[in-house]
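This report concerns only the one structure given below.
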Amino acid sequence: MAVKIFIKRKSAESHVSELSNLLRKLRSLTLNQPGYVSGETLQRIDDPGETVVISTWRSVEDWNKWVNNEKRMAIQSEIDSLLGQETEYSIYG
C-alpha cells in the first residue's frame, strides 16, 4: 500500500536559503531510492520559515529503509542542527 509522509520543518527566516539547499541535496538522493514515488516541497505563504514536504512511497518498509539510510541521516542531522529542533514526520496511508 502506498503511503504519504508529511515532513514539517520550521526555521528562522535567515536560514531558509540554507535549508532549501540541504533539502535539494536530500531530494537528489531520494530520487534513486527503491520505492520512492514522488515528492513535493511546499513553503508556507504567511510564514516563510515553515516548510512541508509531502513524500509518496510504495510502502512503509521502503520509507523505513530510506529513513535509516546513512547518507540521508547525515543530511538530516545537518538540517536538524540548522533548525535547532528535530524534524516532524507523519505517515498516512
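The values are calculated or read from the model by the stated rules, or taken from the named source; none is laboratory data. Note that this is a predicted model, so its numbers are computed, not measured. Cβ coordinates were reconstructed from backbone atoms using ideal geometry, including for glycine residues, and neighbour counts include every protein chain displayed. Accessible surface areas use protein heavy atoms only, side chains included; no ligands, DNA or RNA. Shrake-Rupley method; radii C 1.70, N 1.55, O 1.52, S 1.80 Å.
Place +1 on the Cβ of every Lys and Arg and -1 on the Cβ of every Asp and Glu in the chain, take the dipole about the Cα centre, and give the residue among Asn69, Gln85, Leu23 whose Cα lies farthest towards its positive end.
Farthest towards the positive pole: Asn69.
Just need the relative contact order of the chain here, percent rounded to a whole number, with Cα pairs under 8 Å and 6+ apart.
In percent, rounded to a whole number, it is 48.
Could you sort Arg9, Arg27 by accessible area so the largest value comes first, with the probe set to 1.4 Å? Spell out each step's value before the answer.
Details: Arg9 10, Arg27 70 Å².
Output order, biggest surface exposure first: Arg27, Arg9.
Per DSSP H run of at least 4 residues, take -39500 (n - 2.57); add these up for the chain, divide by its residues and hand me the 222 nm value, nearest 500 deg cm²/dmol.
-12500 deg cm²/dmol
Net charge near Ser20, counting Lys/Arg +1 and Asp/Glu -1 over other residues with Cβ under 11 Å of its Cβ? Mind showing how you got there, number by number?
Values: positive: Arg9, Arg24, Lys25, Arg27; negative: Glu18.
That sum, taken over residues with Cβ under 11 Å, equals +3.
Which shape class applies to region 1-46: rounded if a/c is under 1.5, otherwise prolate when a/b exceeds b/c and oblate if not, where a ≥ b ≥ c are the square roots of the Cα gyration tensor eigenvalues?
It is oblate, given that a/c is not under 1.5 and a/b is not larger than b/c.
Rounded, prolate or oblate: which fits region 45-93 when a ≥ b ≥ c are the square roots of the eigenvalues of the alpha-carbon gyration tensor, with rounded for a/c under 1.5 and prolate only if a/b beats b/c?
The shape class here is oblate.
Nothing charged except the Cβ atoms of Lys and Arg (+1) and of Asp and Glu (-1): what's the magnitude of the dipole of region 2-58 about its Cα centre? Round to the nearest 20 debye.
320
How tilted is helix 16-30 with respect to the longest principal axis of the chain? Cα atoms for both, answer in degrees (0 to 90, nearest 10).
Once rounded, one gets 10 degrees.
Where does helix 70-83 land angle-wise versus the long Cα axis of the chain, in degrees 0 to 90, nearest 10?
30
Given the options Ile79, Ile54, Ile45, state which has the largest fluctuation in a GNM of the chain using a 10 Å cut-off (strictly under) for Cα springs.
Result: Ile45 has the largest fluctuation of those listed.
Once Rg and Dmax of the Cα atoms in Å is worked out from the coordinates, which option in [x] 12.8, 39; [y] 12.7, 42; [z] 15.9, 60 does it equal?
Answer by label: [x].
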